[in-house]
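See structure below.
Quick note: the coordinates plus some simple rules give every number you see, no bench work behind them. Given the structure is predicted, the values throughout are model-derived calculations rather than measurements. Positions of Cβ are generated from backbone atoms using ideal geometry, with glycine treated the same way; all protein chains shown enter the neighbour counts.
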């Protein structure tokens, strides 16, 4: 039995489908080809429990804004690529409302999560989990959300930014540097926003924020990180069931690449996001293997904040 059995990352083999089902699947794909866009399958959840005042005063956040944000993300065509319904990128946005600056202006914390399937299994892997602690936007009861990349909006521009970031992260796992065009579109959004003074957009801030993360992802010095992400997902996770030991060697190679990068860069936000997203999965991936000791040494050197998790590899 795989050493990952019994963990959240249980890998299951896929049963071969019959020839008749295969033909039916091909016909279904051909029929669906004209459909474009709707790349995201995003679940939005707004938590306004921290707001004080009458319960009904801000009920429109959960009753109206939550639905409109979800529709905005899931019905817009973000690319020219063709996506079947089952191919949409599974993601979520958790919005915790921290303060009502006014009846129509809010300060919130946002957590964005994106995942994609692991081939040969019934499991998914979280590609990125990003904590955005300072988002401030305006929304009036009954207002509509309109997509316009040429005009900054405190609400929709953040949604646009993370939609393209999700796409970039996802595409990077299927081809080396495959998400570059989507990261560049996210930069267009950030450029529109940076002069507005809203939190999270300033490139000179010492706080880890949206602009810093995107700058990392588009910085040539961070290309080894993006290539390592591709290697780990496509050559590691996706081959784990069929070629387990080879997959682990690929994963170990990705860690060695990251170790070289870690020595050259200090306090990389993008590298921090990778490890905060992947620490538990990496432990499960290497657990019980011949390379678990090597993996442990590399991981604790690069990511000491999760050393208690990685120590499970050598217990």
Calculated from DSSP H runs of 4 or more alone, at -39500 (n - 2.57) each and per residue, what is the 222 nm mean residue ellipticity of the chain, nearest 500? -12500 deg cm²/dmol
Using only Cα atoms and rounding to the nearest 10 degrees, what angle (0 to 90) does helix 156-172 make with the longest principal axis of the chain? 10 degrees
Using Cα pairs closer than 8 Å and at least 6 residues apart in sequence, work out the relative contact order for the chain, in percent. 14 percent
Given [x] 58, 53, 38; [y] 68, 61, 34; [z] 60, 39, 36, the label whose value is Cα extents along the principal axes in Å derived from this model: [x]
How big is the gap, in Å, between the Cα center of the stretch 216-281 and the Cα center of the stretch 52-94? 30 Å
Could you tell me how many degrees, from 0 to 90 and to the nearest 10, lie between the Cα long axis of helix 66-75 and the main elongation axis, the longest principal axis, of the Cα atoms of the chain? 60 degrees
If the chain between residue 107 and residue 75 were fully extended at 0.36 nm per residue, the gain over the current Cα-Cα distance would be 8.9 nm
Which order do the peptides 189-199, 256-266 take when ranked by the mean count of other beta-carbon atoms within 10 Å per residue, highest first? 189-199, 256-266
Kindly identify the stretch 75-230 as rounded, prolate or oblate by the Cα gyration tensor criterion: order the square roots of the eigenvalues as a ≥ b ≥ c, call it rounded if a/c is under 1.5, otherwise compare a/b with b/c, prolate if a/b is larger, else oblate. prolate
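If contacts are Cα pairs under 8 angstrom and at least 6 residues apart, what is the relative contact order of the stretch 35-218 in percent?
Working: 310 pairs, mean separation 31.3, N = 184.
It comes to 17 percent, rounded to a whole number.
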How high is the FRET efficiency between residue 140 and residue 84 when r is their beta carbon distance and R₀ equals 35 Å, given to the nearest 0.05? 0.45
Averaging sequence separations of C-alpha pairs under 8 Å and six or more residues apart, then dividing by the length of the stretch 214-285, give the relative contact order as a whole percent. 32 percent
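Taking square-rooted eigenvalues a ≥ b ≥ c of the alpha carbon gyration tensor, is the stretch 222-315 rounded, prolate or oblate, where a/c under 1.5 means rounded and, failing that, a/b exceeding b/c means prolate?
Working: a/c = 1.86, a/b = 1.20, b/c = 1.55.
It comes out oblate by the Cα gyration axes.
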Angle in degrees between helix 292-302 and the longest Cα principal axis of the chain, rounded to the nearest 10: 30 degrees
